[in-house]
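> Provided herewith is a single structure, encoded as structure tokens, for subsequent inquiry.
The values are calculated or read from the model by the stated rules, or taken from the named source; none is laboratory data. Predicted model only: the values in this text are computed from it and were never measured. Here the Cβ is made from the backbone with ideal geometry for all residues, glycine too, and neighbour counts use every protein chain on show. Each accessible area value is taken on the protein alone, full model and side chains, heavy atoms only, with ligands, DNA and RNA left out. Shrake-Rupley method; radii C 1.70, N 1.55, O 1.52, S 1.80 Å.
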Amino acid sequence: MKILVCISNVPDTTTKISFSPDNKELNTAGVQFVINPYDEYALTRAIELKENQGGTVTVLNVGLPDTEANIRKALAIGADDAIRVNAKPTDAFFVAQQIAYYAKEGAYDLILMGKESVDYNGFQVHGMVAELLGWPAIVPAIKLDVSGTTATLEREIEGGKEIVPVNLPLVASAQQPMSEPRIPNMRGIMTARTKPLKVVEPISVEVKTKTEAYSLPEKKSGVKLIDPANAGELITLLRNEAKVI
Amino acid sequence: MSVLVFIECADGKVKKSSFEAAFYGQQVAASLGTHAVAVAVGEVATEELKSLGGYGISRVLVDEEPRLKDYVSQAYTKVVAAATEKENATVIVLSNTNIGAGIGARLAARLQASYAANVVALPEVSGNSLKVKKSVFSGKAFAEETLTAAIKIIAVKKNSLEVKEPVSGEAAIESFSTALTDSDLTGAPQETIRATGDVLLTEADIVVSGGRGLRGPENWHLIEDLAKALGAATACSKPVADVGWRPHHEHVGQTGITISPNLYIAVGISGAIQHLAGVNSSKVIVVINKDPEAPFFKAADYGIVGDVFEVVPKLIEEAKALAK
Ligand SMILES: Cc1cc2nc3c(=O)[nH]c(=O)nc-3n(C[C@H](O)[C@H](O)[C@H](O)COP(=O)(O)OP(=O)(O)OC[C@H]3O[C@@H](n4cnc5c(N)ncnc54)[C@H](O)[C@@H]3O)c2cc1C
């Protein structure tokens, strides 16, 4: 089985977000970039599937050379090879087109990625890729097993889940608890250096969305503390002052 | 030209988030000088659909094909795409749910449309483009984005706009059908396992959430009883779901579910940045924590510095008294 795992490069989850003075760019000074946490679930599950039943895991990232540290990390965790599409990921549709194009070239059986990236929270690249390839997309998936040419997934729905059997090829997006992310070991880190990382140029895509500016939410005016001895007063305040119950 | 709203139904009822989408769609239609039409798929209650008229929807197209009872992304996308074509829609509005966003993404690729997810406000119209405001960085920031393609798709984040009380008026119901192939239906669920009787977390106006401060699943009745007294849904922090005290679908935060209820009550949760990321767009935040230094107090509107085991029973009592 040939698996393609798409990873994005996102600010570490503890990052305090700020922007350039003109509010047009994320302020990246001092920000550490990591593999998107949801993509790590996808990556580890792909590696587990490969370990159990053979095959290969290729990671793909659409990004400039500075993302290679995280691509190497994915190789250190256990992916076999990697593709970097040499472009700034301007919007989801751009990224999805690149993935679909290179996925077609590689004839993969399964494309796995996180349900969303924790930076732009688009929750959409998987759907776009699946549509471009004419494949089903099972989103968000909390469990994935493959046997022969059939996959069985659990898809999270509001307040429950669905069991979905579906033939390969397909696109699935990962959400906890699909797998337990792994930390690369020394051996993995050493071998990652020798694994192939192919850099390819992007296909051209017409721009459909343009980010104009970023802004931060308004600051809260401060907390109103209630004496724990009169905790019940909170309920009265929520009803009469905040008017939310 | 028209605005098309995708209506999501569960258990024969229109979801609250879809009424919001309808209201949003109608407002967009008004600012574009056109009308809003809705499309619904699968098992639907006619009375509920008619009530969309109160939100400014003149007609609802309904595809009642039995194979569409359960959501399959390709098939639903095909239906909405066909409705888009029939109604000559230039804007499609859906809610930013697992289903809505799943369709939105596929439609965007299929129709070569501009797509914006997590939209939190009505768009600004200028010429042929729309400028929308989206929630990004897991609720830590907003982005303003211009949508330029001929067709624009907007997925509206729940609870992000004040929906006006419905006026009287019924939408006309029209049946609608789309030719589907077997391959459109691949990936249909074999079985659905649903927790019954609970208020759905993603739809809830009030959420009561517990963290590691509850010490164990045996104390969860405190969260459940308070939720019940308030008509709220329950949620939890990540470590609580990780150790299995609560099911994963209750885990809120940067790697869990993002919610924006009117009231979020955090009980025994520290308020780590990853947790806040999933809940900080809640309208009112209440924090109960025995540690006055807990970071959550900085994000809270109301707080009680105290032991959950002493505080929560008092809240339950008071909330029950109020409910009577
Ligand atoms: C990549 C990544 C992603 C993450 N994603 C998420 C996410 O999506 N959601 C999430 O929640 N977390 C997430 N986390 C974890 C997050 O960093 C915190 O570890 C987590 O939110 C802490 O949960 P907690 O507040 O329940 O537990 P703790 O940090 O243990 O805090 C418990 C709190 O309870 C209080 N307490 C204890 N006993 C009592 C009592 N008797 N009465 C009152 N208060 C009491 C304590 O003072 C403390 O503040 C993520 C972490 C990483 C690294």
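> Is it true that B:T146 is assigned to a strand (DSSP E or B), surrounded by fewer than 15 Cβ atoms within 10 Å (Cβ to Cβ), facing chain A (nearest Cβ under 8 Å) and of a type in the set (S, T, Y)? First the steps, then the outcome.
Working: assigned to a strand (DSSP E or B): yes; surrounded by fewer than 15 Cβ atoms within 10 Å (Cβ to Cβ): no; facing chain A (nearest Cβ under 8 Å): yes; of a type in the set (S, T, Y): yes.
Answer is no for this residue.
> May I ask you to list the residues in region A:89-122 that are hydrophobic (A, V, I, L, M, F, W, C), within 13 Å of another protein chain (Cβ to nearest Cβ) and open to solvent by 20 Å² or more (accessible area, probe 1.4 Å)?
A:A92, A:F94, A:V95
> How about region B:293-303: which of its residues are without any contact (Cβ under 8 Å) to a residue 24 or more places away in the chain and within 9 Å of the ligand (Cβ to nearest atom)?
Selection gives B:E293 alone.
> Still on this structure, please answer the following. When the residues of region A:12-43 are filtered to those that are open to solvent by less than 40 Å² (accessible area, probe 1.4 Å) and in contact with a helix residue (DSSP H, G or I) (Cβ under 7 Å, 6 or more places away or on another chain), which remaining residue is farthest from the other protein chains (Cβ to nearest Cβ)?
So, considering only residues that are open to solvent by less than 40 Å² (accessible area, probe 1.4 Å) and in contact with a helix residue (DSSP H, G or I) (Cβ under 7 Å, 6 or more places away or on another chain), the one farthest from the other protein chains (Cβ to nearest Cβ) is A:L43.
> I would also like to ask the following. Go over the candidates B:D198, B:D205, B:D225, B:D182 one by one and state the one that is away from the ligand (no atom under 14 Å from the Cβ) and in contact with a helix residue (DSSP H, G or I) (Cβ under 7 Å, 6 or more places away or on another chain).
B:D225
Residue-by-condition table, conditions (1) in contact (Cβ under 8 Å) with a residue 40 or more places away in the chain; (2) part of a loop (DSSP other than H, G, I, E, B); (3) loosely packed, with under 14 Cβ neighbours inside 10 Å:
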site	(1), (2), (3)
A:V171	yes, no, no
A:S179	yes, yes, no
A:R187	no, no, yes
A:K198	yes, no, yes
A:P202	yes, yes, no
A:V205	yes, yes, no
A:K219	no, yes, yes
A:G222	no, yes, yes
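> Another question, if that's okay. Could you please let me know if B:K320 is under 27 Å from the mean Cα position of the chain (by Cα), surrounded by fewer than 24 Cβ atoms within 10 Å (Cβ to Cβ), more than 10 Å from the ligand (Cβ to nearest atom) and assigned to a helix (DSSP H, G or I)? Steps first, please.
Working: under 27 Å from the mean Cα position of the chain (by Cα): no; surrounded by fewer than 24 Cβ atoms within 10 Å (Cβ to Cβ): yes; more than 10 Å from the ligand (Cβ to nearest atom): yes; assigned to a helix (DSSP H, G or I): yes.
Judged against the criteria, B:K320 is not a match.
> Determine if region B:258-271 includes at least one residue that is at pLDDT below 95, of a type outside the set (F, W, Y) and within 13 Å of the ligand (Cβ to nearest atom).
Checked region B:258-271: at least one residue is at pLDDT below 95, of a type outside the set (F, W, Y) and within 13 Å of the ligand (Cβ to nearest atom).
> Which one of these is modelled with pLDDT of 95 or more and surrounded by fewer than 24 Cβ atoms within 10 Å (Cβ to Cβ): B:A21, B:A40, B:A89, B:A82?
B:A82
> So the check is Cβ under 8 Å with 6+ separation or different chains; which pairs have a first residue in region B:226-243 that's more than 9 Å from every other protein chain (Cβ to nearest Cβ) and farther than 15 Å from B:L201 by Cα and a second one that's near the ligand (Cβ under 8 Å from one of its atoms) and open to solvent by 30 Å² or more (accessible area, probe 1.4 Å)?
Every condition considered, the pairs that remain are B:P239/B:R212; B:V240/B:R212.
> Would you point out the residue of region B:176-202, among those that are among the acidic types (D, E) and at the interface with another protein chain (Cβ under 7 Å from one of its Cβ atoms), that is nearest to A:W135 (Cα to Cα)?
The selected residue is B:E191.
> For region B:1-15, which positions are under 13 Å from the mean Cα position of the chain (by Cα) and among the charged types (D, E, K, R)?
Scanning region B:1-15 gives B:E8, B:K15.
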